[in-house]
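The values are calculated or read from the model by the stated rules, or taken from the named source; none is laboratory data. Being a predicted model, the structure only gives us computed values, none of them experimental. Note that we place each Cβ from the backbone using ideal geometry, even for glycine, and neighbour counts take in every protein chain shown. Surface accessibility is based on the protein's heavy atoms, side chains included, excluding ligands, DNA and RNA. Shrake-Rupley method; radii C 1.70, N 1.55, O 1.52, S 1.80 Å.
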Amino acid sequence: MNILIIEDEPALAESMIKYLSQDGYHCEWVSTLNEAFEKIHLYTYDCLLVDITLPGGSGMEVVQRLKKNKSESGIIIISAKNSVDDRIEGLEIGADDYISKPFDLSELNARIKSVLRRRNFSGQNEIVFKEIAILPAERSVSINGQPLSLTKKEYDLLLYFISNQNRVISKSSIAEHLWGDYMDMADSYDFIYAHLKNLRKKIIGLGGGDYIQTVYGVGYKFTQF
C-alpha cells in the first residue's frame, strides 16, 4: 500500500517512514503544501497522512483538493492542534480520521489499516474471493485453507486486484501502485510481468483459479468469469 506523508517535522516523518515501512507500506514524504499538491497531481495513494500546519499553507487545502478531484484515497489528518473545531472541520471536508500529536506509531498504524479496510472492503477483517481468503491485519493469504506464501509485492498486487476486481487495470497503474514515484526509474514493465507470472503460478499451484486475465494492449483484469 502506498502512503504519502505530508509533514514538516523531519524527525516525525522519518520515524513514521521507518515504522510503517517495517509493516510493508511504501512511504513517500513531502514537507510543504506545494510539494503535496505536486504529488497528488502526479500519483495516486492508498492513504495520505496530512499535517495541518505546513510551509505554504494549510493541509486542509490538500484534503479539499483531493475531494474536489473525487479521489478515493484514505485521508488521516495529523496535527498538533487538538481542538474540537479542527477535528470537525477536517472530518466535514472529507478526511476519514484525525489523530493528534503526540501519538503512538502503533495507534497510527491501526488507524491506517482501519481506514483502508473501510475504503476498500467495507470494514471487513477478512477478505474473501472464491477460494482465496486474506487477513489484512496479518498480511496472510490462504487458498482453500492452505497458507499461500507471497512476497510483499505479490501480496500488494493480489490485494490491489481483488479491490479492483472485474476492472481493467493498466500496466502503468499497477506500476504506480506497487512502486509509487520510483516507477519512473524503470526502463520497462518487465518487473510487472514477473510478479504477475509468479502470483498466478502460486495461486494455481494451491488449487486456485486462474483469475488474472490479460487484456491485450491495455493491461490486466482480475475476474472469476
Looking only at segment 57-82, count every residue that is farther than 11 Å from ASP96 by Cα and either open to solvent by less than 70 Å² (accessible area, probe 1.4 Å) or among the polar types (S, T, N, Q) (or both) and tell me the total.
13
With the requirement that a residue be modelled with pLDDT under 95, among the small types (Gly, Ala, Ser) and open to solvent by less than 30 Å² (accessible area, probe 1.4 Å), what does segment 1-28 give you?
GLY24
Filter segment 87-134 down to residues that are open to solvent by 60 Å² or more (accessible area, probe 1.4 Å) and among the acidic types (Asp, Glu) and give me whichever is nearest to GLU9 (Cα to Cα).
ASP104
Counting residues that are β-branched (Val, Ile, Thr) and touching a residue at least 60 places away in the same chain (Cβ under 8 Å), which helices (runs of 4 or more DSSP H) fully inside segment 15-129 reach at least 1?
105-121
Tally time: how many residues in segment 40-56 are open to solvent by 30 Å² or more (accessible area, probe 1.4 Å) and either aromatic (Phe, Trp, Tyr) or at positive phi (or both)?
2
For segment 140-174, the count of residues that are among the small types (Gly, Ala, Ser) and either assigned to a strand (DSSP E or B) or under 14 Å from LYS202 (Cβ atoms) (or both) equals 4
What is the one condition in (1) surrounded by 20 or more Cβ atoms within 10 Å (Cβ to Cβ); (2) within 22 Å of SER172 (Cβ to Cβ) that PHE37 does not satisfy?
(1)
Test for SER31: is it open to solvent by 10 Å² or more (accessible area, probe 1.4 Å) and either of a type in the set (Lys, Arg) or more than 16 Å from TYR98 (Cα to Cα) (or both)
yes
Pairs only if they're at least six apart or on different chains, beta carbon under 7 angstrom, first in segment 168-189 and closer than 16 Å to TYR45 by Cβ, second at pLDDT below 70 and assigned to a helix (DSSP H, G or I); list them, first residue then second.
ALA175/MET183; GLU176/MET183
Hey, among the residues in segment 80-127 that are among the aliphatic types (A, V, I, L, M) and under 13 Å from SER163 (Cβ atoms), which one's modelled with the highest pLDDT?
ILE127
Any chance SER149 is open to solvent by 50 Å² or more (accessible area, probe 1.4 Å), at negative phi and modelled with pLDDT of 85 or more:
yes
For ALA137, all conditions in the list (1) over 24 Å from ILE112 (Cβ atoms); (2) out of contact with any Phe, Trp or Tyr (no Cβ under 8 Å at 6 or more places or on another chain); (3) surrounded by fewer than 16 Cβ atoms within 10 Å (Cβ to Cβ) hold save one; what is the number of the exception?
(1)
Are any of the residues in segment 134-144 polar (S, T, N, Q) and under 16 Å from the mean Cα position of the chain (by Cα)?
no
